[in-house]
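To keep things clear, I will list the structure first and then write my remarks on it.
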Ligand SMILES: CC(C)(COP(=O)(O)OP(=O)(O)OC[C@H]1O[C@@H](n2cnc3c(N)ncnc32)[C@H](O)[C@@H]1OP(=O)(O)O)[C@@H](O)C(=O)NCCC(=O)NCCS
């Protein structure tokens with residue numbers, strides 16, 4: 001059996017992590033902007049004191065998890081190249097474009113009352129993926145446990161996350177007694193916002 005090592009996510013991991021994000025989170029709106037945008041986003045997140053962990057097999061990154069405690073401006077991560085990538089992608093993926101518009105409305109235009117307002121004791125599990133060939137081997141579960149331990153160490157008492165993955169939502173509800181805070185329908189899927197105590 002392969003030896004899986006878990007380590008802090010460093011700047012040098014960003015390129016691979018962005019590729020995994022683009023590949024495994026295709027359904028999400030951020031992937032519409034391409035890898036350079038994702039790399040800039042992870043770099044900005046790290047620079048603002050956010051953190052994550054990677055899972056590696058023989059030096060190859062096969063999965064990662066990321067926690068956001070300080071938000072960044074995604075607009076500042078955009079370049080001309082990522083906007084062109086987004087426009088081309090939207091033309092060939094109209095459903096995802098509609099999902100983008102819905103997510104944009106949710107994040108930027110809604111009443112503040114409708115938003116999930118992070119409180120000081122709650123941290124966001126914001127990005128999480130494992131490469132296809134390595135899925136369902138409990139790597140994800142280990143990454144969640146490592147994130148929870150680190151969050152606890154930093155004084156957080158609960159985690160919230162948003163996911164389109166129904167199987168994963170059921171897993172959080174069953175294993176963590178997570179509560180569903182909100183349902184967010186988009187054009188092609190429904191995301192759930194969940195919260196649990198650590
Ligand atoms: C979700 C994901 C990160 C889990 O990592 P993993 O190493 O495959 O997960 P594990 O083997 O540790 O299993 C933990 C839970 O993840 C979910 N999961 C596992 N394999 C999965 C797969 N192939 N597809 C979807 N969800 C999966 C299950 O809920 C599982 O718990 P269960 O088996 O008790 O139902 C991974 O499957 C993945 O990258 N999926 C696509 C991206 C995604 O949905 N990310 C979630 C954030 S939006």
Notebook entry, point to check: Looking at the stretch 18-39, which of the residues that are within 12 Å of the ligand (Cβ to nearest atom) and assigned to a helix (DSSP H, G or I) is nearest to residue 75 (Cα to Cα)?
Noted result: 30
Notebook entry, point to check: Given the conditions (1) exposed (fewer than 12 other Cβ atoms within 10 Å of the Cβ); (2) modelled with pLDDT under 95, which single one is not true for residue 182?
Noted result: (1)
Notebook entry, point to check: Say we look at the stretch 161-179 and pick out the residues that are surrounded by 14 or more Cβ atoms within 10 Å (Cβ to Cβ) and either within 6 Å of the ligand (Cβ to nearest atom) or more than 21 Å from residue 149 (Cα to Cα) (or both); which of these is modelled with the lowest pLDDT?
Noted result: 164
Note to self: Show the residue pairs meeting these rules: Cβ distance below 9 Å; 6+ apart or different chains; first residue within the stretch 82-101 and under 13 Å from residue 37 (Cα atoms); second residue not in a helix (DSSP H, G or I).
What the structure shows: 86/78
Notebook entry, point to check: Is it the case that the stretch 124-133 has a residue that's under 22 Å from residue 19 (Cβ atoms), surrounded by 15 or more Cβ atoms within 10 Å (Cβ to Cβ) and free of Cβ contacts under 8 Å to residues at least 12 places away in the same chain?
Noted result: no
Notebook entry, point to check: In the stretch 38-48, what count of residues is obtained for those that are under 22 Å from residue 165 (Cβ atoms) and touching a helix residue (DSSP H, G or I) at 6+ places or on another chain (Cβ under 6 Å)?
Noted result: 3
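The values are calculated or read from the model by the stated rules, or taken from the named source; none is laboratory data. All figures in this text were calculated on a predicted structure; none of them were measured in a lab. All Cβ positions, glycine included, derive from the backbone under ideal geometry; neighbour counts span all protein chains shown.
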